[in-house]
1. Enter the mean number of other protein chain beta carbons within 10 Å of the beta carbon of each residue in A:92-104, as an integer.
2. Would you please give the residues with an amide H less than 5 Å from that of B:Val103, counting only those at least 5 places away or on a separate chain, with H modeled from the backbone geometry?
3. When DSSP assigns beta bridges and you keep just the ones with both residues in chain A, what percent turn out antiparallel, to the nearest 5?
4. Once each part is reduced to its C-alpha centroid, what is the distance from segment B:38-97 to segment A:1-76 in angstrom?
5. Per-residue mean of other chain beta-carbon atoms within 10 angstrom of the beta-carbon, peptide A:39-46?
6. Am I reading the B/A interface right? What is its buried accessible area, both sides, 1.4 Å probe, to the nearest 100 Å²?
7. Please compute, for peptide B:87-93, the average count of beta-carbon atoms on other protein chains lying within 10 Å of each residue's beta-carbon.
8. Quick one: what are the phi-derived ³J(HN,Hα) couplings along segment B:63-69, Karplus 6.51/-1.76/1.60 with θ = phi - 60°, whole Hz, x for glycine and proline?
Amino acid sequence: AQSVTQPDIHITVSEGASLELRCNYSYGATPYLFWYVQSPGQGLQLLLKYFSGDTLVQGIKGFEAEFKRSQSSFNLRKPSVHWSDAAEYFCAVGASTDSNYQLIWGAGTKLIIKP
Amino acid sequence: DTEVTQTPKHLVMGMTNKKSLKCEQHMGHRAMYWYKQKAKKPPELMFVYSYEKLSINESVPSRFSPECPNSSLLNLHLHALQPEDSALYLCASSQTGQPGANVLTFGAGSRLTVL
């Protein structure tokens, strides 16, 4: 069965430090890959996506992610975090079942920024 | 500007009340979604409307009744809810009704409390 794993429930990073959030998936083919961010009490916003092509994708707010097929991973990175990056981050995978594309969500990683 | 607008932002209702959540988008998207999100959890898909027709119903109890009056509007009618239905209800839209193959644009959500 398809699944998405975000191994870190929460991560604490100092402001200005680099960030990497991990995402691994289980799926038999190349999936569509997404990272969404959710600020407290808000809806979700797309940070970036991978559908095909260059495996290093750039997103909004200075984020990037790299699709590594051999590792079934799509880790999110940012070279220098800002206090406003504190939020919940969800990795999601689009996987085909029958004739539909389901969106399978990871459990989320809460990012805490230390001043 | 928020491209998907949800009202109300907060709703408190008793178990015998009837209320509705509303969602509107003006992006020309042909699919609209209702998600339910409990605290510290990823969103759970409830319903998908594609071209104003219900295309996915994730076995949601009948006390939740969706309605799509036109391609820009989506309602969720609530009746005889239970306290465990308290959650953040998120509306989303996308180009087509395949959640795993499209970018979803989310509203800010309606926070529902059932007493």
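1. Numbers: counts 5, 1, 5, 2, 3, 1, 0, 1, 8, 7, 6, 13, 3.
Mean shielding by partner chains, rounded to a whole number: 4.
2. B:Gln95
3. Bridges in chain A that DSSP calls antiparallel: roughly 90 percent.
4. 25
5. 6
6. Working: alone 6280 and 6330 Å², together 11120 Å².
Roughly 1500 Å².
7. On the way: counts 0, 4, 0, 4, 1, 3, 0.
If you average over the peptide's residues, the count of other-chain Cβ atoms is 2.
8. 5, 9, 10, x, 8, 10, x
The values are calculated or read from the model by the stated rules, or taken from the named source; none is laboratory data. Remember, predicted model here, so these are calculated numbers, not experimental data. Cβ coordinates were reconstructed from backbone atoms using ideal geometry, including for glycine residues, and neighbour counts include every protein chain displayed. Just so you know, the surface numbers come from the protein's heavy atoms only, side chains and all, with ligands and any DNA or RNA stripped out. Shrake-Rupley method; radii C 1.70, N 1.55, O 1.52, S 1.80 Å.
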